[in-house]
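Let me begin by presenting the structure, written as structure tokens, before commenting on it.
The values are calculated or read from the model by the stated rules, or taken from the named source; none is laboratory data. Given the structure is predicted, the values throughout are model-derived calculations rather than measurements. We place every Cβ from the backbone using ideal geometry, glycine too, and count neighbours over all the protein chains shown.
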Amino acid sequence: MREKTNGIAEKDCPFCKMVKHELHAVVVQEDNDILAIMDLYPATPGHTLVFPKQHVENIYLMSADLGARIMVTAIAIAKSIKQQLSPGGLNLIQSNELIAGQTIPHFHLHIVPRYKDDMVYLKFGHEHIPAKMVELEQIGSRIRPGLTKLPRWL
């Protein structure tokens, strides 16, 4: 078994253990391919995680079909959270690789309901200073060539 980038081997992955019922989880939604659970360390009430049952380390290794199905599940859960818990808003957060804050090497999407004075802060560090348009054009021109492999249904 190969080691993952943050030192957790796939056999020790907590999400895989939850899928196999080796670790307890409060399940919100489950189908053949996707599991949604209550986060064990919630940022706010209703904080939910959605992830594939198959061990997929990050977004770069995920098929478009599975990613779309995870998003459909997240949308349904977000609507239920809005209706049942009445948050003032909601964040979807997904991190890839250590430098971006991925702590468990198994793709997972956080659904974080937001409430007034919830003490959760997301900061991007740009201090409201816009980028130069020429820089945006240069970066965009580097990204576009990789998008030739989009699924036909998009």
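Numbers below:
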quantity: Residue ranges of strands (runs of 3 or more DSSP E) in segment 1-102 with at least 2 members closer than 21 Å to Tyr115 by Cα; calculated: 34-38, 48-52, 89-93
quantity: Criterion: basic (Lys, Arg) and in contact with a helix residue (DSSP H, G or I) (Cβ under 6 Å, 6 or more places away or on another chain) - qualifying residue of Lys53, Lys17, Lys11, Lys79; calculated: Lys53
quantity: Lone qualifier among Lys17, Lys53 - being under 30 Å from Arg152 (Cβ atoms), surrounded by 14 or more Cβ atoms within 10 Å (Cβ to Cβ) and modelled with pLDDT of 95 or more; calculated: Lys53
quantity: Count - residues of segment 81-103 that are more than 16 Å from Lys123 (Cα to Cα) and under 11 Å from the mean Cα position of the chain (by Cα); calculated: 2
quantity: Scan of segment 137-154 for residues that are in a helix (DSSP H, G or I) and among the hydrophobic types (A, V, I, L, M, F, W, C), ordered by number; calculated: Ile139, Ile143, Leu147
quantity: Selection within segment 44-69 - touching a residue at least 60 places away in the same chain (Cβ under 8 Å) and under 18 Å from Ser80 (Cβ atoms); calculated: Thr44, Pro45, Gly46, His47, Thr48, Leu49, Val50
quantity: Single residue of Gln102, Gln94 found to be touching a residue at least 60 places away in the same chain (Cβ under 8 Å), under 28 Å from Gly46 (Cα atoms), surrounded by 15 or more Cβ atoms within 10 Å (Cβ to Cβ) and not small (Gly, Ala, Ser); calculated: Gln102
quantity: Given (1) in contact with a Pro (Cβ under 9 Å, 6 or more places away or on another chain); (2) among the charged types (D, E, K, R); (3) assigned to a helix (DSSP H, G or I), index of the condition Asp118 fails; calculated: (3)
quantity: Residue list for segment 121-136, filter: loosely packed, with under 10 Cβ neighbours inside 10 Å and in a helix (DSSP H, G or I); calculated: Met133, Val134, Glu135
quantity: So Ala68, is it surrounded by 10 or more Cβ atoms within 10 Å (Cβ to Cβ), at pLDDT below 95 and either at negative phi or polar (S, T, N, Q) (or both); calculated: no
quantity: Inter-residue pairs, beta-carbon under 7 Å, first in contact (Cβ under 8 Å) with a residue 12 or more places away in the chain and in segment 126-154, second surrounded by 10 or more Cβ atoms within 10 Å (Cβ to Cβ) and among the aliphatic types (A, V, I, L, M), 6+ apart; calculated: Pro151/Ala64
quantity: Enumeration of residues in segment 112-154 that are within 20 Å of Ala64 (Cα to Cα) and not polar (S, T, N, Q); calculated: Ile143, Arg144, Pro145, Gly146, Leu147, Lys149, Leu150, Pro151, Arg152, Trp153, Leu154
